[in-house]
1. For region 104-257, what is the accessible area per residue in Å² when the probe is 1.4 Å?
2. If the label point is 7 Å along Cα→Cβ of residue 7, which residues in region 173-197 have backbone nitrogen under 20 Å from it?
3. Under a plain spin-label model, where a point goes 7 Å from the Cα along Cα-to-Cβ, how far apart in nm are residue 237 and residue 250?
4. With each run of n ≥ 4 DSSP H residues scored as -39500 (n - 2.57), what mean residue ellipticity at 222 nm is computed for the chain after dividing by its residue count and rounding to the nearest 500 deg cm²/dmol?
5. Against the 2.2 N^0.38 Å scaling, with N counting residues, where does the chain land? I'd like the Cα-based Rg ratio to two decimal places.
6. Short version: ³J(HN,Hα) in whole Hz for each residue of region 80-85, in order, from phi by Karplus 6.51 cos²θ - 1.76 cosθ + 1.60 (θ = phi - 60°), x for Gly and Pro, what are they?
7. Between the DSSP loop rule and a limit of at most 11 other Cβ atoms within 10 Å, which trypsin sites (Lys or Arg not before Pro) in region 178-257 are left?
8. Excluding the sites themselves, what is the longest stretch of the chain that contains no chymotrypsin sites (Phe, Trp or Tyr not before Pro) in a DSSP loop with at most 10 other C-beta atoms within 10 Å?
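The values are calculated or read from the model by the stated rules, or taken from the named source; none is laboratory data. Just so we're clear, the structure is a prediction, and the values are computed from it rather than from any experiment. Using ideal geometry, Cβ is built from the backbone for each residue, glycine included, and neighbour counts are taken over all protein chains shown. Ligands, DNA and RNA are stripped out before the accessible areas are found, and what is left, the full protein with its side chains, is counted by its heavy atoms. Shrake-Rupley method; radii C 1.70, N 1.55, O 1.52, S 1.80 Å.
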Amino acid sequence: DGIGTMHDFFLTERSMVIVLPSSDMEGSGESFFGRIRARPDKPMQVIIIDRESLEIKRRAELPSGYWFHGGNAWEENKVIHVDFVKSENLGAFFDDMPKMMCGENTDRVRNISVAAFLTIDLTTGRTNVTTRAESVEFPRIDPRFVAQRNRHVFYPTYVGRRSTEQFNSVMRVEPESGKSDMFTFSDDVRLEEHIVVAKPGSSKEGDGWLIGVGFDIERQHTFATVFDALNLSAGPVAIARLPYWMPQCFHGNFLNA
């Protein structure tokens, strides 16, 4: 019931995977985002579509929840694997994001979003969702492995004890083993989405650089960092600091010149 909302979707080699959060579009005369209404009583919907025929192959339901950003999806032995970031409410979207764009701190303890991993068995229709404890957003993978089996996902995350929970760390997670690798800046740093840039000539997943932008509140400047993507705990291999600050932004990609 209602008109579902979709911010992102996934592709495997054979399928399109649409995961509809527990929300609807309602009302008229408002902005697009102003019409989004949370529906905690509504299950999340999964729709699997054949990429060639565009026919629906499978439908399934998940427990109520919300998501905006996904990392990757891949398919093997008639099982689809999806990694995304899940939250229990839309507070981060309606309350935190406007404040963040104005340079204000926000209390994200009540609006934690976590790494989630979904499997869909195309034969039986069974689904399973597991989550991690860390507060994360903006999952990224090595772009050479989109729609293929990926063994690494990269996130900005938060480490510390402050009530103003904004991202001050970068983390690499291995979904299959559960292992992670992380580097943490000070509590006065706010990190944005980080992207993976492959080393020229390398075909190994993750063999490259994790590049992103951050803001240093104490020094009042923006900086860019470069990490060895497979050894984040060693710290940045390079930092470029600007003598001023820039507004926070979202989403980036890298193209070889």
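1. Dividing the accessible area of region 104-257 by its residue count gives 51 Å².
2. 190-196
3. 3.1 nm
4. So the calculated ellipticity at 222 nm is -500 deg cm²/dmol.
5. 1.03
6. 9, 10, 10, 10, 8, 10
7. For trypsin sites (Lys or Arg not before Pro) across region 178-257 that sit outside H, G, I, E and B with at most 11 neighbouring Cβ atoms in 10 Å, the list reads 179, 204.
8. 33-243
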